[in-house]
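As structure tokens, the structure follows; a few thoughts come after it.
The values are calculated or read from the model by the stated rules, or taken from the named source; none is laboratory data. Model, not experiment: these values are computed from the prediction. Methodologically, a virtual Cβ is constructed for each residue, glycine included, from the backbone with ideal geometry; neighbour enumeration extends over all protein chains shown.
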Amino acid sequence: MASLFTEDFKTDPYWWEDVHNMALAGAALPSAADVVVIGSGYTGLNAALQTVRGGRSTLVLDAESAGWGCSTRNGGQISTSIKLTYDQLATRFNRRRASAILEEGNNALTWIERFVEEENIDCNFSVCGRFHAAHNPAAYKKLGNTLRTRTRGSRLEAHLVSRSDQRSELGTDAYHGGIVFPNHASLHPARYHTGLLRRAHEAGVSIHAHCPVSVIEKQGAGFRVISPNGSVTAGDVVVASNGYTGSITPWQRRRVIPIGSYMIATEPLADGVIDTLMPRNRICSDTRRMVYYYRPSPDRSRILFGGRVSHDETDTRQSGALLHRELKAIFPELAGARVSHSWMGFVAYTFDTLAHIGTHNGIHYAMGYCGSGVSMASYLGMRIGQQVLGDPEGKTGFDGLNFATRPLYTGNPWFLPYAIRYYKWRDRHSF
Ligand SMILES: Cc1cc2nc3c(=O)[nH]c(=O)nc-3n(C[C@H](O)[C@H](O)[C@H](O)COP(=O)(O)OP(=O)(O)OC[C@H]3O[C@@H](n4cnc5c(N)ncnc54)[C@H](O)[C@@H]3O)c2cc1C
């Protein structure tokens, strides 16, 4: 039997093929900085860009290479990142808060487009729109019913596409219609990260890779940040570790649930195949609770397909085979298309499915993007940077939300295997 994997199969992200991260100076850590940011993804670098441009000396530390976390591993799909509807938010909080949170979703979406343009970051940014497909007739009906409330209190546009018109969006009959969000966008996540890294570096941020922070301790009015590479005193500390949040910040760790998110890239497909399968070049996702999301590569030669196929960190050959099975179920003509890359990363969920930004015991944080952080991590990173500066512009619709945990939860999501099995069962049984 022919192998599912190409001869040059890689377990690194497809995106790393054409991105060569800047060589970062292996200089010794300075003994002091106004601001120390922990984590060099979209959150950390956007925060750092604000603080350095606001006149504060800024150091970014990452345990791995710069951008090693989700910020160079994701699908590059850009949405408002808010998973709850106006009605759900209004019931949970009040109408004002519901509108404010939804508005932040729109702000994040429009802000990232402007930011990429103003900073002149070459990252294949495109307002391509999203097709969100219904996995069964009931889900399509629900999309219709909720279209009004999805867009209520929000500037977001959307329209339904029936099953009979579906092939104008996607070359498959596997779905039962769907909804189009024309304002959603896509980019090359690693190129975006590299551009961000360059801008931060040019602005004077000092970025140190392979520098795992092991302790943050209070010192006078500020902090001492300790790593095996040395220690730094800092006026302010920003934690930007999202799905990789560890024991150095136990309060934040108790409030985020690390979940593995997995992706594959197909080998280059024959000419014309992508034009048939994804004629509008949109990003796609579906209504399953265990959502699958996919898109063409920026050069339209491959399909990049992702989902939460496993509850444990697993062999990415295994997750690759599971994702390929789902890809084939949607596009049977891809049964013979081999997998060239299969990779994963840890996203951070929260108990209320909302992102959180704030300060606890003097430590600033922004995290918990629940699997969609390209726009929101960038946007809240920028806002937390402004908050560090004391800039009133830094205010957000998320400020002051209770960042909840659960009794006995310390950061190890022991309940995930059960939850994932349950949701997969519900997806299969169509409700
Ligand atoms: C496979 C996959 C697909 C995804 N697809 C999408 C998508 O299509 N659209 C979307 O919007 N979102 C997507 N996401 C989510 C998105 O990538 C994240 O929400 C976003 O990148 C989070 O950025 P961040 O900067 O907060 O965290 P990250 O980019 O994860 O960075 C955190 C960094 O913190 C560092 N760190 C942790 N602890 C320490 C320490 N003690 N000392 C020093 N450094 C430390 C880590 O090394 C890491 O580099 C996806 C994620 C994955 C994994």
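For the reader, a short list of remarks on this structure follows.
- Top-ranked residue of the range 216-229 - restricted to ones that are under 21 Å from Val52 (Cβ atoms) and modelled with pLDDT under 95, ranked as nearest to the ligand (Cβ to nearest atom): Asn229
- From Ala240, Ala203, residue being away from the ligand (no atom under 16 Å from the Cβ) and hydrophobic (A, V, I, L, M, F, W, C): Ala203
- The set of residues in the range 318-333 being of a type in the set (A, V, I, L, M, F, W, C) and either buried (at least 18 other Cβ atoms within 10 Å of the Cβ) or not in a helix (DSSP H, G or I) (or both) consists of Leu323, Leu327, Ile330, Phe331.
- Test set (1) touching a helix residue (DSSP H, G or I) at 6+ places or on another chain (Cβ under 6 Å); (2) among the small types (Gly, Ala, Ser); (3) not in a loop (DSSP other than H, G, I, E, B) - Ala66 fails condition number: (3)
- Test: residue in the range 14-28 that is in contact with a Lys or Arg (Cβ under 8 Å, 6 or more places away or on another chain), small (Gly, Ala, Ser) and in contact (Cβ under 8 Å) with a residue 12 or more places away in the chain: no
- Criterion violated by Arg288 - all others in (1) within 15 Å of the ligand (Cβ to nearest atom); (2) crowded, with 20+ Cβ neighbours inside 10 Å satisfied: (1)
- With respect to (1) acidic (Asp, Glu); (2) away from the ligand (no atom under 16 Å from the Cβ); (3) assigned to a helix (DSSP H, G or I), the lone exception for Asp122 is condition (3).
- Selection count where residues are more than 16 Å from the ligand (Cβ to nearest atom) and out of contact with any helix residue (DSSP H, G or I) (no Cβ under 9 Å at 6 or more places or on another chain), scope the range 370-411: 8
- Criterion (within 14 Å of the ligand (Cβ to nearest atom), under 30 Å from Asn281 (Cα atoms) and touching a Cys at 6+ places or on another chain (Cβ under 6 Å)) met by exactly one of His188, His193, His184: His188
- Residue in the range 146-165 that is modelled with pLDDT under 95, under 24 Å from Arg383 (Cα atoms), surrounded by fewer than 20 Cβ atoms within 10 Å (Cβ to Cβ) and hydrophobic (A, V, I, L, M, F, W, C) present: yes
- Checking Ala48, Ala33 one by one, the residue that is surrounded by 20 or more Cβ atoms within 10 Å (Cβ to Cβ), at negative phi and part of a strand (DSSP E or B) is Ala33 and no other.
- Flag if Thr276 is under 28 Å from Asn183 (Cα atoms), hydroxyl-bearing (Ser, Thr, Tyr) and within 15 Å of the ligand (Cβ to nearest atom): no
- A Cβ distance below 7 Å, combined with a sequence gap of six or more or placement on separate chains, defines the contacts here; from the range 416-431, residues that are within 13 Å of Val309 (Cα to Cα) reach residues that are modelled with pLDDT under 75 and surrounded by 11 or more Cβ atoms within 10 Å (Cβ to Cβ) in the pairs Leu416/His311; Pro417/His311; Ile420/His311.
- Scanning the range 283-318 for residues that are touching a His at 6+ places or on another chain (Cβ under 8 Å) and either closer than 17 Å to Gly177 by Cβ or basic (Lys, Arg) (or both) turns up Cys284, Ser285, Asp286, Thr287, Arg288.
- The residue that is surrounded by the fewest Cβ atoms within 10 Å (Cβ to Cβ), counting only those in the range 388-421 that are over 22 Å from the mean Cα position of the chain (by Cα) and assigned to a helix (DSSP H, G or I), is Pro392.
- For the range 37-63, filtered to residues that are near the ligand (Cβ under 10 Å from one of its atoms) and among the β-branched types (Val, Ile, Thr), the residue that is farthest from Met376 (Cα to Cα) is Val60.
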